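Remarks on the structure that follows.
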Amino acid sequence: MSIYARWQVPEIINCAGTVTRLGGALMPSQVVEAMAEAAYQSVSLEQLQAAASRVIARITGAESGLVTSGAAAAVTLGTAAILTGLNPARMEKLPVCTDFPHQMVIPRDHRNGYDHAVRAAGAVLVEVGFNEPQAGSGVRCCELWEIEAAFGPLTAGVFYVCRPDAQPALQDVVRLAHQYQLPVLVDAAGQVPPKENLRRLVASGADLVAFSGGKGIRGPQATGFLCGKRDLVAAAALQMLDTDEHIELWAPPDDWLPRQALAGLPRQGIGRGMKVAKEQIVGLLVALELYVQGAYDDEIRAGARRLEFVMSQLSHLPVTCQLVASAEGELPPQLHIRIDPVLLGRSVWEVCRNLRCGKPPVYVNTSELSRNTLVIDPTNLRDDQLTVLTSRLQEELGVVRMA
Ligand SMILES: *Cc1c(COP(=O)(O)O)cnc(C)c1O
């Protein structure tokens, strides 16, 4: 019996991918075992985070790192660090930051719901450029000169949301910002895989980069990490860690938290509600090491095999199936199942709802619904779920309703 059945929560078949609302990635057993082991021992969180910083630095090439409770938390903490630097008086004021530079410049087409994480620290987003291709009115989004024109006395830094085709190019934005001594914070939550992005984005010179731990890295869902410049990572750490300590006794690892650079020990900071447990830190580190060692590489082929099986079971149905390889590589393909709503007698929405309401509930990836296409992502699919999945798909896609 599933542990979830104890509370009458049905287990689902997740063909949507590592989405947060369906629990993120499934963790490898080595990660789960390491977390269980970590749970039975006490350690200093500062020492554990400093050790994590060394691992993150080795893997990303950054000076320093911090395990956070997700990429969104890393973005809030990174913003807080940019607003305050190592100034404890400023740390104590957040999210109120009107009397020091608090504007984060962002290309307009980088705006998205997750940028709430920047605003949560108190920063104000200053949008520049347009999204003319989206509006159908032109060919340009945001250009460097528009970012430069927005810089002023209240500018704290630049916020950049990474995707493979993001414009302007990250290294150009970094070069421009650094001409004005302004830092660049990058949301790279979903940019691994490919593995090379772990180093490439830091190598762009960006001051802080935020990654998710519970997506491609397959660590605990509520983890992520921030990596970048030592003082900024230290400022982020100070606003998340439990700082309720006597200053006479406080002795954080000096290569990670430069105690002598601080006027005093800040009190519990704006990131205190984003704390990370020792088990999560251990889980993230084990997952990160597995990931960079290539432990998941076989999953690409295994995922493709699962999809080929599903596809073979749908061949007699009035649908069009196609395996679509990942554009960025290092990810399994996805299966696109295109339906004809007229032939089927129901919309793609109805099919999706029926799949979710069935037994067991099946959640497909909904990114192509506007094209009447269900997408099956094999990342979180287990082999033992394949026959049930295919029979549910056959039931929902096989009946042609007579008009
Ligand atoms: C997933 C995602 C986040 C949030 O990451 P968490 O690790 O779940 O906090 C933030 N930004 C973008 C662009 C994402 O895709």
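The values are calculated or read from the model by the stated rules, or taken from the named source; none is laboratory data. Bear in mind the structure is a predicted one, so any value in this text is a computation, not a measurement. All Cβ positions, even for glycine, are placed from backbone atoms using ideal geometry, and neighbour counts span all protein chains on display. All accessible areas refer to the heavy atoms of the entire protein, side chains included, with ligands and DNA or RNA removed. Shrake-Rupley method; radii C 1.70, N 1.55, O 1.52, S 1.80 Å.
Quick notes
- When restricted to residues that are touching a strand residue (DSSP E or B) at 6+ places or on another chain (Cβ under 6 Å) and open to solvent by less than 50 Å² (accessible area, probe 1.4 Å), segment 349-371 contains 6.
- Among the residues making up segment 282-296, those that are open to solvent by 50 Å² or more (accessible area, probe 1.4 Å) and either part of a loop (DSSP other than H, G, I, E, B) or not aliphatic (A, V, I, L, M) (or both) are 289, 293, 295.
- Test result for residue 235, within 14 Å of the ligand (Cβ to nearest atom), over 25 Å from residue 40 (Cβ atoms) and crowded, with 23+ Cβ neighbours inside 10 Å: no
- Residue count for segment 52-79, restricted to those that are among the polar types (S, T, N, Q), within 15 Å of the ligand (Cβ to nearest atom) and in a strand (DSSP E or B): 1.
- Cross-chain or 6+ apart pairs with Cβ under 7 Å, segment 214-225 first and under 17 Å from residue 38 (Cβ atoms) and touching a residue at least 12 places away in the same chain (Cβ under 8 Å), then within 7 Å of the ligand (Cβ to nearest atom) and β-branched (Val, Ile, Thr): 221/20
- Residue count for segment 216-232, restricted to those that are closer than 27 Å to residue 297 by Cβ and at pLDDT 95 or above: 11.
- Residue that is nearest to residue 86 (Cα to Cα) [pool: residues in segment 217-255 that are part of a loop (DSSP other than H, G, I, E, B) and touching an Asp or Glu at 6+ places or on another chain (Cβ under 8 Å)]: 229
- Subset of segment 109-132 (residues that are more than 16 Å from the ligand (Cβ to nearest atom) and among the charged types (D, E, K, R)): 127, 132
- Check on residue 243, hydroxyl-bearing (Ser, Thr, Tyr), buried (at least 17 other Cβ atoms within 10 Å of the Cβ) and within 16 Å of the ligand (Cβ to nearest atom): no
- The test for being free of Cβ contacts under 8 Å to residues at least 24 places away in the same chain, more than 20 Å from residue 266 (Cα to Cα) and within 14 Å of the ligand (Cβ to nearest atom) does not hold for residue 140.
Yes/no matrix, rows are residues, columns are (1) among the small types (Gly, Ala, Ser); (2) loosely packed, with under 13 Cβ neighbours inside 10 Å; (3) more than 25 Å from the chain's Cα centre (by Cα); (4) more than 23 Å from residue 243 (Cα to Cα):
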| site | (1), (2), (3), (4) |
| --- | --- |
| 262 | no, no, yes, no |
| 274 | no, no, no, no |
| 280 | no, no, no, no |
| 298 | no, yes, no, yes |
| 347 | yes, no, yes, yes |
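- Residue check: residue 326 meets all listed conditions (1) under 30 Å from residue 118 (Cβ atoms); (2) outside any loop (DSSP other than H, G, I, E, B); (3) open to solvent by less than 40 Å² (accessible area, probe 1.4 Å) but one, namely (2).
- Residue within segment 48-67 that is open to solvent by 40 Å² or more (accessible area, probe 1.4 Å), at pLDDT 95 or above and under 16 Å from residue 234 (Cα atoms) present: yes
- Checking each residue in segment 145-176 for being more than 16 Å from the ligand (Cβ to nearest atom), hydrophobic (A, V, I, L, M, F, W, C) and farther than 13 Å from residue 208 by Cα picks out 145, 147, 149, 150, 151, 154, 156, 169, 173, 176.
- The lone exception for residue 222 - which of (1) open to solvent by less than 20 Å² (accessible area, probe 1.4 Å); (2) aliphatic (A, V, I, L, M); (3) closer than 26 Å to residue 290 by Cα it fails: (1)
- Looking at segment 334-403, the helices (runs of 4 or more DSSP H) lying wholly inside it that each contain 3 or more residues that are of a type in the set (S, T, N, Q) sit at 386-398.
Yes/no per residue for (1) within 25 Å of residue 210 (Cβ to Cβ); (2) surrounded by 18 or more Cβ atoms within 10 Å (Cβ to Cβ):
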position: 95; (1), (2): yes, no
position: 103; (1), (2): yes, yes
position: 106; (1), (2): yes, yes
position: 113; (1), (2): yes, no
position: 118; (1), (2): yes, yes
position: 136; (1), (2): no, no
position: 143; (1), (2): yes, no
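- Here residue 187 clears all of (1) within 23 Å of residue 328 (Cβ to Cβ); (2) of a type in the set (Asp, Glu); (3) open to solvent by 50 Å² or more (accessible area, probe 1.4 Å); (4) in contact (Cβ under 8 Å) with a residue 24 or more places away in the chain except the condition numbered (3).
- Yes/no for residue 88 being surrounded by fewer than 21 Cβ atoms within 10 Å (Cβ to Cβ), more than 16 Å from the ligand (Cβ to nearest atom), within 23 Å of the chain's Cα centre (by Cα) and not β-branched (Val, Ile, Thr): no
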